[in-house]
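Everything on this sheet refers to the single structure shown next.
What follows draws every value from the coordinates through simple rules; no lab data is involved. As the structure is a prediction and not an experimental result, all values here were calculated from the model. Ideal geometry is used to build each Cβ from the backbone, glycine not excepted, and the neighbour counts take in all protein chains shown.
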C-alpha cells in the first residue's frame with residue numbers, strides 16, 4: 001500500500017482490491033435496475049388454490065375455466081366442449097378428464113398439485129375433452145357408479161358405470177316393482193342401490209331367456225344383488241329391456 005504525506009500526516013490510499021470490489025457492486029446494481037418490472041408468470045401460475053383450472057391453450061395459456069373440487073361436470077356446454085388443451089389441478093383430489101360426456105371414453109388423470117398438457121402427443125386427447133370429476137383416489141377415475149342416487153336402480157351405457165346414465169325409480173304399486181324400457185337404455189353396467197335384489201330380462205314384459213352361443217346354454221333372469229354394481233358380460237350386455245325388484249332371487253320370473 002502506498003502512503004502519501006499531506007501537511008505532515010500520512011494519508012492512506014485505497015488499494016486496487018477495494019477499488020475492484022466497489023466496481024463489481026456498481027455493476028451488479030446496474031444489472032438489477034435493467035430487469036423488467038413485470039416478468040412473465042410461470043405456466044399455470046394464475047390458477048387459484050383449491051381449484052381445477054382448464055385452459056384452451058397449451059401450458060396454461062388461453063382462456064381459463066375454474067372448477068372447485070365440489071363442481072364436477074359430466075359434460076361441458078357447447079362453448080367449452082372439446083376446447084381443453086391443458087389443465088392445472090390445485091385441489092387435494094385426483095382430477096379425471098374424459099373424452100366423452102358422462103365420464104366416458106379415454107381418460108387422463110392429474111394428481112393433486114399436478115398439471116397436464118394435451119396440445120400435442122396422443123391425438124385422442126387433443127381438443128376432445130368433454131367431462132371431468134375430482135375423486136379421492138386415481139382408481140375412481142375409471143368408474144362412474146357414484147352418480148347413482150340412493151334407493152334407485154341405475155343403468156349405464158358403458159362398462160364400469162361410465163357413459164350416459166338412466167335412473168329407474170321403483171314403482172310403489174304392483175307386483176313387479178320394476179321398469180320396462182327400450183333399447184336406448186340397454187345397459188352395459190348396472191348399480192342396484194335399492195334394498196331389493198334386481199332381476200333383469202331381455203323382454204320389456206319381464207320375461208325371456210338368453211342363449212350363450214359358446215356353450216348353447218340357456219339362462220333366465222340376470223340378477224344384480226341389493227347394493228351391488230357390475231359390468232354386464234356377454235351374452236347379457238346391452239340386451240336388458242326390463243327389470244323387477246324382488247325380496248329374493250327365487251322370485252325372478
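Looking across 118, 98, one residue alone is within 20 Å of residue 56 (Cβ to Cβ), more than 13 Å from the chain's Cα centre (by Cα) and buried (at least 20 other Cβ atoms within 10 Å of the Cβ). It is 118.
With the structure loaded, tell me whether residue 132 is out of contact with any helix residue (DSSP H, G or I) (no Cβ under 8 Å at 6 or more places or on another chain), touching a residue at least 60 places away in the same chain (Cβ under 8 Å) and closer than 20 Å to residue 59 by Cβ or whether it fails that test.
Values: out of contact with any helix residue (DSSP H, G or I) (no Cβ under 8 Å at 6 or more places or on another chain): yes; touching a residue at least 60 places away in the same chain (Cβ under 8 Å): yes; closer than 20 Å to residue 59 by Cβ: yes.
So residue 132 passes the test.
Within region 144-161, the set of residues being farther than 9 Å from residue 188 by Cα and in contact (Cβ under 8 Å) with a residue 24 or more places away in the chain comprises 144, 145, 147, 148, 149, 150, 151, 152, 153, 154.
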